Amino acid sequence: MNDLDALAAGFRYPGPGSLELLRSAADSVEDSSIRRPFRRFVDVIGSLGLEAWEEVHTRTLDLSPLFVPYVGYVIWEESYQRGAFLADMQRVENEAGIDPLGELPDHLDPVLRYLAKASEPLPGLVEIFPKALERMAKALAKAEPDNPYRFLLEATRAVSMPVGGAV
């Protein structure tokens, strides 16, 4: 599992075996700017127990989310631009063999898994991804500064800074 796949797993709804998967993923993360906050995320959710983690996940990312985990929505809300972006993301994710696992193609989970596979990511995604993550992090910090997902967002932001043209 590479760093981006590990981060993607953190945004999925927790279930039996999720914590063990994330612990193993945290141990394999190579980039220290990702590893430190990712391990903090895993440590905090690991101390909660599955039921409490499920509640935090739902409160943070689902029903009435503390931050919206949809890259296109954060940038354009419900608009033509987001619709076009969703269509592009669906196309490139399908081409890359990414199963969105029931999420829209601009959700952080399939986006990160796509970025893990893409040798040349969709330019529109590369352009907006850091800005979307920054907005997500600000929204979460304002709504609930002690939320453990702040560490996962911090780790994700570390990979969103383009280096050599890649995400």
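The values are calculated or read from the model by the stated rules, or taken from the named source; none is laboratory data. Fair warning: this is a prediction, and the values are worked out from it, not measured in the lab. Glycine also receives a Cβ, built like all others from the backbone with ideal geometry; neighbour counts cover every protein chain displayed. To get the accessible areas, we keep the full protein, side chains included, count just its heavy atoms, and leave off ligands, DNA and RNA. Shrake-Rupley method; radii C 1.70, N 1.55, O 1.52, S 1.80 Å.
Looking at 9, 26 in this structure, which one is small (Gly, Ala, Ser), within 13 Å of the chain's Cα centre (by Cα) and more than 16 Å from residue 125 (Cβ to Cβ)?
Values: 26 fails: within 13 Å of the chain's Cα centre (by Cα).
Matching residue, one of 9, 26: 9.
Among (1) touching a residue at least 60 places away in the same chain (Cβ under 8 Å); (2) outside any helix (DSSP H, G or I), which single condition is residue 13 missing?
(1)
So, in the range 112-127, of the ones that are farther than 14 Å from residue 71 by Cα, small (Gly, Ala, Ser) and free of Cβ contacts under 8 Å to residues at least 60 places away in the same chain, which residue ends up surrounded by the fewest Cβ atoms within 10 Å (Cβ to Cβ)?
119
Among the candidates 109, 99, 27, which residue alone is open to solvent by 70 Å² or more (accessible area, probe 1.4 Å), in contact with a Lys or Arg (Cβ under 9 Å, 6 or more places away or on another chain) and either within 25 Å of residue 150 (Cα to Cα) or of a type in the set (Phe, Trp, Tyr) (or both)?
The conditions single out 27.
Taking the conditions exactly as written (modelled with pLDDT of 95 or more, part of a loop (DSSP other than H, G, I, E, B) and over 17 Å from the mean Cα position of the chain (by Cα)), does residue 145 satisfy them or not? Outline the logic, then answer.
On the way: modelled with pLDDT of 95 or more: yes; part of a loop (DSSP other than H, G, I, E, B): yes; over 17 Å from the mean Cα position of the chain (by Cα): yes.
Considered against the rule, which asks whether it is modelled with pLDDT of 95 or more, part of a loop (DSSP other than H, G, I, E, B) and over 17 Å from the mean Cα position of the chain (by Cα), residue 145 comes out as yes.
Regarding the range 138-152, can at least one residue be identified that is more than 19 Å from residue 64 (Cβ to Cβ), without any contact (Cβ under 8 Å) to a residue 40 or more places away in the chain and surrounded by fewer than 21 Cβ atoms within 10 Å (Cβ to Cβ)?
No, the conditions are met nowhere in the range 138-152.
Identify the residue in the range 11-24 that is over 16 Å from residue 151 (Cα atoms) and not acidic (Asp, Glu) and, among all such residues, is surrounded by the most Cβ atoms within 10 Å (Cβ to Cβ). Walk me through it before giving the result.
Restricting attention to the range 11-24, the residues satisfying the condition of being over 16 Å from residue 151 (Cα atoms) are 13-18, 20-21, 24.
After this cut, where a residue has to be not acidic (Asp, Glu) as well, the list is 13-18, 21, 24.
Numbers: 13: 14, 14: 22, 15: 11, 16: 7, 17: 9, 18: 18, 21: 17, 24: 13.
Here the residue is 14.
What are the residues in the range 30-72 that are open to solvent by less than 10 Å² (accessible area, probe 1.4 Å) and aromatic (Phe, Trp, Tyr), if any?
Scanning the range 30-72 gives 38, 41, 53, 67.
May I ask you to say which residue of 78, 55, 51, 20 is free of Cβ contacts under 8 Å to residues at least 24 places away in the same chain, more than 25 Å from residue 119 (Cα to Cα), in a loop (DSSP other than H, G, I, E, B) and not polar (S, T, N, Q)? Let's see the steps before the verdict.
Values: 55 fails: in a loop (DSSP other than H, G, I, E, B); 51 fails: in a loop (DSSP other than H, G, I, E, B); 20 fails: in a loop (DSSP other than H, G, I, E, B).
Residue meeting the stated conditions: 78.
Just one of (1) under 15 Å from the mean Cα position of the chain (by Cα); (2) charged (D, E, K, R); (3) open to solvent by 20 Å² or more (accessible area, probe 1.4 Å) trips up residue 77, so point out which.
(1)
Within the bounds of the range 76-87, is there any residue that is under 19 Å from residue 4 (Cα atoms) and at pLDDT 95 or above? So that I can check it myself, show each step before the final result.
Going residue by residue through the range 76-87, those that are under 19 Å from residue 4 (Cα atoms) are none.
Within the range 76-87, none of the residues are under 19 Å from residue 4 (Cα atoms) and at pLDDT 95 or above.
So which of 157, 135 ends up being modelled with pLDDT of 95 or more, open to solvent by 60 Å² or more (accessible area, probe 1.4 Å) and within 18 Å of residue 35 (Cα to Cα)? Spell out how you get there, then give the answer.
Numbers: 135 fails: within 18 Å of residue 35 (Cα to Cα).
Only one candidate passes the filter, namely 157.
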